[in-house]
1. Which ones in region 150-173 are surrounded by 19 or more Cβ atoms within 10 Å (Cβ to Cβ) and farther than 19 Å from residue 71 by Cα?
2. Please determine, by comparing only the residues of region 131-158 that are more than 29 Å from residue 87 (Cα to Cα) and part of a loop (DSSP other than H, G, I, E, B), which one is nearest to the chain's Cα centre (by Cα).
3. I'm told residue 54 meets every condition in (1) assigned to a loop (DSSP other than H, G, I, E, B); (2) touching a strand residue (DSSP E or B) at 6+ places or on another chain (Cβ under 6 Å); (3) buried (at least 18 other Cβ atoms within 10 Å of the Cβ) except one. Can you identify the failing condition by its number?
4. Tell me, please, whether a residue that is in contact with a helix residue (DSSP H, G or I) (Cβ under 8 Å, 6 or more places away or on another chain) and surrounded by 15 or more Cβ atoms within 10 Å (Cβ to Cβ) can be found in region 27-46.
5. Can you name the residue in region 33-51 that is within 14 Å of the chain's Cα centre (by Cα) and in a loop (DSSP other than H, G, I, E, B) and, of all such residues, is nearest to residue 13 (Cα to Cα)?
6. Kindly evaluate residue 161 against the criterion of being in a helix (DSSP H, G or I), in contact with a strand residue (DSSP E or B) (Cβ under 9 Å, 6 or more places away or on another chain) and under 15 Å from residue 53 (Cβ atoms).
7. Taking region 57-71, which residues are surrounded by fewer than 13 Cβ atoms within 10 Å (Cβ to Cβ) and in contact (Cβ under 8 Å) with a residue 60 or more places away in the chain?
8. Please tell me if residue 83 is modelled with pLDDT under 95, touching a strand residue (DSSP E or B) at 6+ places or on another chain (Cβ under 9 Å) and more than 20 Å from residue 152 (Cβ to Cβ).
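The values are calculated or read from the model by the stated rules, or taken from the named source; none is laboratory data. Computed from a prediction, not measured in an experiment: that's the story for all the values here. Because the Cβ atoms are built from the backbone with ideal geometry, glycine has one as well, and the counts that use them run over all protein chains shown.
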């Protein structure tokens, strides 16, 4: 098992480096920096510190080939979302759209979710309001901050997926 590290920049906590064996790439972090996972809150714009497994990988099949990885992959579809409504029994879970609850669409017009690694943040058990939809995904140009996720350039994300093994973990902080 390899522990991959996301190291927030001391001077700019909305950016960091994802490092591991023969891997060192810039990444974007939450628009409000980082926070201890147990202190996080839904919508706080902070990336939760902690060590996480990668639960699964989604890719947008009309834009991306299935990624080369040892992890479980699934194609996205236009009816896929992720519930971010703390009062919902589906909170921090993949859902089918349309849905009347607050959610993120996984099939986006921009390219940010063309590849998504779902991190095991707040999922065993799910704690209402502690944060949802913490992913590793494609970065915006210029590494603009995320809403709490970790984001890499597409090329780096593909390379990271090739190197990841099923029991590897991502340590943020």
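1. Hit for region 150-173 is 172, nothing else.
2. Looking at the filtered set, the residue picked out is 139.
3. Unmet condition: (1).
4. yes
5. Looking at the filtered set, the residue picked out is 46.
6. Yes; evaluated as a whole, the condition is true for this residue.
7. Within region 57-71, 68 is the sole residue that qualifies.
8. So residue 83 fails the test.
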